[in-house]
Amino acid sequence: MNIKALNGFKDILPGEVELWQRLETLARDIFARFNFSEIRLPILEKTDLFARAIGEATDIVEKEMYTFVDKQVTMRPEATASLLRAYIEHGLHVQKPVQRLFTIGPMFRHERPQKGRLRQFHQMDVEVLGSTSPRVDAEMMAMGAMLLAELGLSVSLEMNSLGCPVCRPGFRTSLLAFLDERHQGLCDDCKRRSSTNPLRVLDCKNPKCREQVLEAPSLLEHLCADCADHLSGVQEGLEQLGVQYSLNKFMVRGLDYYTRTTFEFITGDLGAQAAVGAGGRYDGLIEQLGGPRGVPGIGFALGMERLVLLLQQKEAELTASGVDLFVAGLGEQSSRYGFGLTHALRTGGMRVVMDLEGRSLKSQMKQAGKLGVPYVLILGENELAEGKAVLRNMATQEQQELLLQDEASTVQTLVALISA
RNA sequence: GUGGAUGUAGCUCAGUUGGUGGCAGCACCUGGUUGUGGCCCAGGAGGUCGUGGGUUCAAGUCCCAUCAUUCACCCCA
């Protein structure tokens, strides 16, 4: 009986994990440039939190959550709900009027796995709480675009406005009337959606529906004055910051809580999973979860698996060695000496590899070459007897003799030579 | 949840009308060089042919089931 990882759950092995680290390191750097602070959140929350935040009727809540039914707790399917719960629970709005927070970690949804979609997947989630300024919206998108650009990925940005509780009901009514008229021309899914989630019909992929929907009433034309102002403020900000985007009046979000600005970073290189990042504004959500009144929010999440896939497509393996020195021993005496010296070098902060299997020098040189190590310290019996060793520069093939003094000064000498 | 495709060495894959698992490539180990990497050459190791049934004298090959992987739908990051 072979034990394997669960369907939709993946190990991230050495070789790939370096890409993840690079992604995370760069993201943390960029988040810091924009003054975001990290918050770390639990993976398990009360089921009710997600039901209230994401929406009872969404697919996520209805059928995709990993829930311990008897305990009424759920593995988080997304980060915003947990983050807002923490924000409210600790009264973070009192400490600072505007909070800028990010969190990185695994999420869980019981969907059928496919390319770029796992059951345990990882997101980097960024939220700004307490500001209605359209400049914040623009800044969020600019930050996402900056990260993607510095990763070397070309990804496009699409934006829309979903309006607010003032203007959306009116739009919904006219959309429903329109869909009713065109009912026969829609695909089966959209016939169903017309009643369950009419906005979703707008971004159906079926060409027939797309054609029908072209003439559908537009969200953008139904925006109230405040929402329209906000939208133009966002656009102005994006233009000022030089962020490329396109307005897509058919883009809709799957989670109930979004208002006004919504956006997606989209790629054509991941098959059906086009969105590598998406988010939007959710001005009523904090209050709805029992938080302070009238505190607005905006946020977005980046799908890390999807970004890593793109990075993998873009470039071959990372060849950076991650090792400073290879210590090669020849025979028992020198291996014994090298064993101790290796440890001393590591204590001194160096990344050192030594073969402990007693292999031939040729084999050890091969290993060193494969590792891409810049230097090899060769401890030969003859030299060792004279208190010497050979340091080989692998790139130039130059070798120099070293006088071995006490361990501490040998370490010092090597560190100086190698870091030079 | 629905539909399609695919499971043979660590990886990528051959395997004919059923008739002994491949001098296959990459990776790994050893040697060619009494103590020096990348190239080359030689050798070596590595397999429950996803699993369980069935048909057959005989199954990697045909049939059924099952598990897994994968792509798409749905949904979403």
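The values are calculated or read from the model by the stated rules, or taken from the named source; none is laboratory data. This one's a predicted model, so the numbers in the text were calculated from it and none came from an experiment. Here the Cβ positions follow ideal geometry from the backbone for every residue, glycine too, while neighbour counts run over all protein chains shown. Just the protein is used for accessible areas: all its heavy atoms, side chains included, with ligands, DNA and RNA removed. Shrake-Rupley method; radii C 1.70, N 1.55, O 1.52, S 1.80 Å.
Could you pull out every one of the helices (runs of 4 or more DSSP H) wholly within segment A:344-420 that has 2 or more residues that are more than 12 Å from RNA strand B (Cβ to nearest atom) and under 36 Å from the mean Cα position of the chain (by Cα)?
Passing ranges, in order: A:407-419.
What are the pairs, 6+ residues apart or on separate chains, where a residue within segment A:372-383 that is over 14 Å from A:Leu414 (Cα atoms) has its Cβ under 9 Å from a residue that is crowded, with 21+ Cβ neighbours inside 10 Å and of a type in the set (Ser, Thr, Tyr)?
From segment A:372-383, the pairs are A:Gly380/A:Ser334; A:Glu381/A:Ser334; A:Glu383/A:Ser334.
Contact list please: Cβ distance under 7 Å, first residue in segment A:255-275 and under 17 Å from A:Ser156 (Cβ atoms) and near RNA strand B (Cβ under 10 Å from one of its atoms), second residue of a type in the set (Ser, Thr, Tyr) and open to solvent by 20 Å² or more (accessible area, probe 1.4 Å), pairs at least six apart or on different chains.
From residues that are under 17 Å from A:Ser156 (Cβ atoms) and near RNA strand B (Cβ under 10 Å from one of its atoms), the pairs are A:Ile266/A:Ser156.
Residue by residue, here is whether (1) surrounded by 18 or more Cβ atoms within 10 Å (Cβ to Cβ); (2) outside any helix (DSSP H, G or I); (3) near RNA strand B (Cβ under 10 Å from one of its atoms) holds:
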{"residue": "A:Gly15", "(1), (2), (3)": "no, yes, no"}
{"residue": "A:Glu18", "(1), (2), (3)": "no, no, no"}
{"residue": "A:Leu23", "(1), (2), (3)": "yes, no, no"}
{"residue": "A:Leu26", "(1), (2), (3)": "no, no, no"}
{"residue": "A:Pro42", "(1), (2), (3)": "no, yes, no"}
{"residue": "A:Ser82", "(1), (2), (3)": "yes, no, no"}
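For residues in segment A:252-262 being in contact with a helix residue (DSSP H, G or I) (Cβ under 6 Å, 6 or more places away or on another chain) and open to solvent by less than 20 Å² (accessible area, probe 1.4 Å), which is nearest to A:Val136 (Cα to Cα)? I'd like the intermediate steps shown before the answer.
The first filter runs over segment A:252-262 and keeps only residues in contact with a helix residue (DSSP H, G or I) (Cβ under 6 Å, 6 or more places away or on another chain), leaving A:252, A:255, A:257, A:260-261.
Adding the requirement that they be open to solvent by less than 20 Å² (accessible area, probe 1.4 Å) leaves A:252, A:257, A:261.
Details: A:Val252: 20, A:Tyr257: 18, A:Thr261: 11 Å.
Taking the candidates together, the pick is A:Thr261.
Name the residue, out of A:Val308, A:Val323, A:Val327, that is modelled with pLDDT of 95 or more and either more than 30 Å from A:Pro165 (Cα to Cα) or among the basic types (Lys, Arg) (or both).
Numbers: A:Val308 fails: modelled with pLDDT of 95 or more; A:Val323 fails: modelled with pLDDT of 95 or more.
Going through A:Val308, A:Val323, A:Val327 in turn, just one is modelled with pLDDT of 95 or more and either more than 30 Å from A:Pro165 (Cα to Cα) or among the basic types (Lys, Arg) (or both): A:Val327.
When segment A:239-254 is examined, which residues are found to be of a type outside the set (Val, Ile, Thr) and within 16 Å of RNA strand B (Cβ to nearest atom)? Let's see the steps before the verdict.
Going residue by residue through segment A:239-254, those that are of a type outside the set (Val, Ile, Thr) are A:239-242, A:244-251, A:253-254.
Scanning segment A:239-254 gives A:Tyr245, A:Asn248, A:Phe250, A:Met251, A:Arg253, A:Gly254.
Of all the residues that make up segment A:208-255, how many are touching a Gly at 6+ places or on another chain (Cβ under 8 Å) and at positive phi?
Selection size over segment A:208-255: 0.
Please verify whether A:Arg210 is open to solvent by 60 Å² or more (accessible area, probe 1.4 Å) and either free of Cβ contacts under 8 Å to residues at least 12 places away in the same chain or not β-branched (Val, Ile, Thr) (or both), treating the condition exactly as stated.
So A:Arg210 fits the description; yes.
Would you please name the residue that is farthest from A:Lys249 (Cα to Cα), looking only at residues in segment A:170-202 that are modelled with pLDDT under 80 and of a type in the set (Asp, Glu)?
Result: A:Asp188.
Just to be sure before I move on: is A:Gly329 farther than 30 Å from A:Pro77 by Cβ and surrounded by 19 or more Cβ atoms within 10 Å (Cβ to Cβ) in the structure I sent?
Yes; evaluated as a whole, the condition is true for this residue.
In contact (Cβ under 8 Å) with a residue 60 or more places away in the chain, closer than 27 Å to A:Leu19 by Cα and either touching a helix residue (DSSP H, G or I) at 6+ places or on another chain (Cβ under 7 Å) or more than 8 Å from RNA strand B (Cβ to nearest atom) (or both) - does that describe any residue in segment A:323-343?
yes
Kindly indicate whether any position in segment A:368-377 is closer than 19 Å to A:Glu332 by Cβ and surrounded by 13 or more Cβ atoms within 10 Å (Cβ to Cβ).
So the first thing to find is which residues in segment A:368-377 are closer than 19 Å to A:Glu332 by Cβ, and the list is A:377.
When the remaining residues are screened for being surrounded by 13 or more Cβ atoms within 10 Å (Cβ to Cβ), the result is A:377.
Yes; the residues of segment A:368-377 include at least one that is closer than 19 Å to A:Glu332 by Cβ and surrounded by 13 or more Cβ atoms within 10 Å (Cβ to Cβ).
Could you list all residues from segment A:97-152 that are within 9 Å of RNA strand B (Cβ to nearest atom) and either assigned to a loop (DSSP other than H, G, I, E, B) or open to solvent by less than 10 Å² (accessible area, probe 1.4 Å) (or both)?
Result: A:Met107, A:Arg109, A:His110, A:Glu111, A:Arg112, A:Pro113, A:Lys115, A:Gly116, A:Leu118, A:Arg119, A:Asp125.
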